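Q: One structure, pasted below without further comment.
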Amino acid sequence: MNQNPLYPIFLKLSQLNVLIVGAGKVGFEKLTFMLKSSPDARITVVAPQVSEGVQELLRQFPHVQLIRRPYLSDDLRNRQLVIAATNDHPLNERIRADARARALLINVADTPELCDFYLGAIVTRGDLKVAISTNGKSPTFARRFRQLLEAVLPGETAPLLLNLRAIREQLQGDFSQKVKTLNQLTAGLLAARQGQRTG
């Protein structure tokens with residue numbers, strides 16, 4: 001049985017320079033996704049035309065920079081992440097070639113074989129963040145699974161995580177002993193959740 005070989009990471013987008021090329025429907029989707037997850041993300045959008053949706057996002061997030069003109073390879077200077085979100089496949093391929101030549105990570109919208117990374121579905125509850133990937137096979141399933149998790153994960157995770165952090169800081173012993181104690185403490189969470197369903 002094949003397994004998803006992707007390695008998940010959580011990026012501090014406020015400390016990276018992100019370039020999104022394209023400000024139409026796909027650019028809007030990618031920009032929305034990033035800003036929803038990381039409102040302080042450092043993003044520059046390059047596009048000759050800008051959809052109303054992207055314009056509204058730019059009003060809500062004035063720190064996002066817009067360069068209103070066609071893409072130039074020099075736009076990649078000082079970037080760490082690139083998203084090609086145009087509906088022009090040859091242009092997306094050119095952006096990818098330019099990014100790879102500079103050893104930059106790139107996502108080419110709707111073209112999994114050209115991507116170095118995917119933007120998975122995300123569930124956020126305070127400091128708890130869960131990312132979901134289908135290895136590019138089915139974004140629809142990832143979205144539905146995200147909706148399921150949003151329905152079952154409690155909204156009040158912030159106090160729980162703070163309490164677990166305080167407990168962890170007070171625990172004595174080596175790492176394995178701390179993990180064992182925290183596992184025992186959190187085992188009750190699953191039991192309580194199952195009890196709510198059957199009760």
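The values are calculated or read from the model by the stated rules, or taken from the named source; none is laboratory data. Model, not experiment: these values are computed from the prediction. Positions of Cβ are backbone-derived with ideal geometry, glycine not excepted, and every protein chain shown enters the neighbour counts.
Q: Suppose the filter is within 15 Å of the chain's Cα centre (by Cα), surrounded by 15 or more Cβ atoms within 10 Å (Cβ to Cβ) and either closer than 21 Å to ALA121 by Cα or of a type outside the set (A, V, I, L, M, F, W, C) (or both); does ALA41 pass it?
A: Judged against the criteria, ALA41 is a match.
Conditions (1) under 15 Å from the mean Cα position of the chain (by Cα); (2) under 21 Å from SER38 (Cα atoms); (3) without any contact (Cβ under 8 Å) to a residue 12 or more places away in the chain, marked per residue:
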| site | (1), (2), (3) |
| --- | --- |
| SER133 | yes, yes, no |
| GLU150 | no, yes, no |
| THR157 | no, yes, no |
| PHE175 | no, no, yes |
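Q: So LYS30 ticks every box in (1) under 21 Å from GLY120 (Cα atoms); (2) touching a helix residue (DSSP H, G or I) at 6+ places or on another chain (Cβ under 8 Å) but one. Which box is left unticked?
A: LYS30 satisfies every listed condition except (2).
Q: Can you say whether GLY120 is at positive phi and buried (at least 16 other Cβ atoms within 10 Å of the Cβ), as far as the supplied structure shows?
A: Here the answer is no, as GLY120 does not meet what is asked.
Q: Can you pull out every residue in the stretch 163-183 that is surrounded by fewer than 12 Cβ atoms within 10 Å (Cβ to Cβ), part of a helix (DSSP H, G or I) and not basic (Lys, Arg)?
A: ASN163, ALA166, GLU169, GLN170, PHE175, SER176, GLN177, ASN183
Q: Taking the condition of being over 17 Å from ALA23 (Cα atoms) and buried (at least 17 other Cβ atoms within 10 Å of the Cβ), how many residues in the stretch 106-117 meet it?
A: Counting residues in the stretch 106-117 that are over 17 Å from ALA23 (Cα atoms) and buried (at least 17 other Cβ atoms within 10 Å of the Cβ) gives 2.
Q: Does LEU19 satisfy the criteria of being hydrophobic (A, V, I, L, M, F, W, C) and surrounded by 15 or more Cβ atoms within 10 Å (Cβ to Cβ)?
A: So LEU19 passes the test.
Q: List every residue pair whose Cβ atoms sit under 7 Å apart, with the two residues 6 or more apart in sequence or on different chains, where the first one lies in the stretch 22-37 and is not assigned by TED's automatic domain parsing to the domain that holds LEU58 and hydroxyl-bearing (Ser, Thr, Tyr) and the second, anywhere, is part of a helix (DSSP H, G or I) and surrounded by 18 or more Cβ atoms within 10 Å (Cβ to Cβ).
A: none
Q: Among GLN65, GLN3, which is over 13 Å from the mean Cα position of the chain (by Cα), surrounded by 12 or more Cβ atoms within 10 Å (Cβ to Cβ) and without any contact (Cβ under 8 Å) to a residue 24 or more places away in the chain?
A: GLN65
Q: Return the residue satisfying two criteria in turn: it lies in the stretch 136-146 and is surrounded by 12 or more Cβ atoms within 10 Å (Cβ to Cβ) and not aromatic (Phe, Trp, Tyr), and of such residues it is modelled with the highest pLDDT.
A: ARG144
Q: Is it true that some residue in the stretch 125-142 is part of a helix (DSSP H, G or I) and among the hydrophobic types (A, V, I, L, M, F, W, C)?
A: Yes, that holds for at least one residue.
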